[in-house]
């Protein structure tokens, strides 16, 4: 390494400050996790991602346990996710469907950690980290300078915010010519294992290849919903607005009278106004006298089967037990059976799901830490 380690780090920060945009192939690996995507970034905040592979053992477990998040890896592969600075479009290309969500939602595999196309840390290398010269090397034919990084402090309190450095150490391989990372090796701190649970305790490796710098314009981050068959836009509404906007009647007040309260004040509706279709996910909590949540119920409901609801329907058709629910055909399943051998004894709890449908209406009710009879009583309440 001809230049000093400080000069190499400073040059990387300056290179990032100078560029306007970049695109590259990005690979993220951690244990058996494998994520591959093509990412585009344009300052100040625009990001577009196309996932080619998304394998996460933790996500597979979550799907068995509770149905998983709204979009899982198989939904994201061959789809396009576009964030323009205020809102995110998820374009499910093979479904000819697009979903607009408020805020930034790139489906990072680590909760609350922005890892997709994220190089904004480069200008802060000298100020934030103790730097070590780890010599030189080569990655895919590209000479690199190798730096070892260790946070100068685990937490820094500023006037209006706290900064937390959630790693034990890291290694950074910087392309000698380009000045940008070819590989980032990240070792989460002991206190951050929960946020990085998808890595299963393993270090996280982020690799970039096939860089193209400063070739992107605004059009690369624009999305034209008129070219898509089904377009759902997210609205966060009050309970009163929900009753007016949602095409199905959902007796929220009656559920709350049973001792439950909504986890969030606002209710999210995903709605396609042109097609007259909508769906929603509402979580209710029951708490003890001290205000600590002891059980939860999630209701997925709509006159359209979202990707998440489709997964629930498939699961219930394969594992559900048929029953009559107030004259309606329904299915009930004990989800905890499928994951009982993978849960620590202290985490064991009852997890039941009941589902039913009407004329162009679909309902999935998932209860955690409540018994089967109580969940069925709530289902009957929703049917009346």
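For this structure, a couple of remarks:
- Angle between the chain longest axis and helix 372-383 axis [Cα atoms, degrees, rounded to 10]: 80 degrees
- With the Kirkwood sum run over all distinct C-alpha pairs, region 231-383 has a hydrodynamic radius of 16.2 Å.
- Distance from region 128-149 to region 353-384 (C-alpha centre basis), Å: 55 Å
- Diffusion coefficient, µm² s⁻¹, Stokes-Einstein with Kirkwood Rh over alpha-carbon pairs of region 255-338 at 37 °C and 0.692 mPa s: 217 µm²/s
- Taking max minus min of the alpha-carbon positions on each principal axis, the chain gives extents of 79, 50, 43 Å, largest first.
- Angle of helix 57-66 to the longest C-alpha principal axis of the chain, folded into 0 to 90 degrees and rounded to 10: 20°.
- Our estimate of slack between residue 104 and residue 226, defined as 0.36 nm per intervening residue step minus the Cα-Cα distance, is 41.7 nm.
- FRET efficiency for residue 318 and residue 6, using Cβ-Cβ distance with R0 set to 35 Å, rounded to 0.05: 0.05
- Angle in degrees between helix 5-18 and the longest Cα principal axis of the chain, rounded to the nearest 10: 60 degrees
- Largest-first ellipsoid semi-axes for region 5-213, taking √(5λ) over the Cα gyration tensor eigenvalues, angstrom: 28, 20, 18
- Stretch gain in nm, segment residue 239-residue 209, where the contour uses 0.36 nm per residue and the Cα spacing is subtracted: 6.0 nm
- In terms of packing, defined here as the mean over residues of other Cβ atoms within 10 angstrom, the peptides 84-91, 235-242 line up highest first as 84-91, 235-242.
- Estimated distance in nm for a label pair at residue 266 and residue 340, the labels positioned 7 Å out from Cα along Cα-to-Cβ: 4.1 nm
- Residue-span extension gain [residue 32 to residue 140] - 0.36 nm each, minus C-alpha spacing: 36.7 nm
- The ranking of 29, 314 by Cβ neighbour count inside 10 Å, starting from the fewest, reads 314, 29.
- DSSP-defined beta bridges in the chain - what % are antiparallel, rounded to 5: 95 percent
Quick note: the coordinates plus some simple rules give every number you see, no bench work behind them. Being a predicted model, the structure only gives us computed values, none of them experimental. Note that each Cβ is placed from the backbone with ideal geometry, even for glycine, and that neighbours are counted across all protein chains shown.
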